[in-house]
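FYI, it's all coordinate maths here, none of it is from the lab. Predicted, not measured: the structure shown is a model, and the values here were computed from it. Cβ coordinates were reconstructed from backbone atoms using ideal geometry, including for glycine residues, and neighbour counts include every protein chain displayed.
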Amino acid sequence: MNASVTSADLRAVDVMSSPVATAPESSSLWHAGDLMIGLGIHHVVVVKADHCIGVLTDRDVLEAWHRGP
């Protein structure tokens with residue numbers, strides 16, 4: 001970061017990840033988990049008709065796995 005730039009000057013676009021990893025709402029939990037592992041990420045945006053309807057995290061997947069079927 002440039003020494004003259006402070007965190008107050010930063011915008012979301014300055015630090016966001018891109019491109020965004022997405023999964024359709026019809027994706028299985030395990031498919032979304034595999035996507036996160038394959039991309040080395042911790043969050044996937046869940047979409048319906050190209051609109052964000054939520055965010056799935058690796059913690060969500062792990063918690064569901066611990067609960068079992």
Checklist outcome for this item: Answer in debye to the nearest 20: the dipole magnitude of the chain about its Cα centre, from +1 Lys/Arg and -1 Asp/Glu charges placed on Cβ, is 60
Checklist entry - By DSSP, what percent of the beta bridges with both residues in the chain are antiparallel, rounded to the nearest 5? => result 65
Checklist entry - Can you give the calculated 222 nm mean residue ellipticity of the chain, where each DSSP H run of n ≥ 4 adds -39,500 (n - 2.57) and the sum is split over every residue, rounded to the nearest 500 deg cm²/dmol? => result -10000 deg cm²/dmol
Checklist entry - If amide H atoms are built 1.01 Å from N in the plane of the peptide, which residues on other chains or at least 5 residues away come under 5 Å of the amide H of ALA21? => result VAL45
Checklist outcome for this item: With N residues in the chain, Rg(alpha-carbon) / (2.2 N^0.38 Å) equals 1.41
Item to check | C-alpha long axis of helix 58-67 to longest principal axis of the chain, angle in ° | outcome: 20
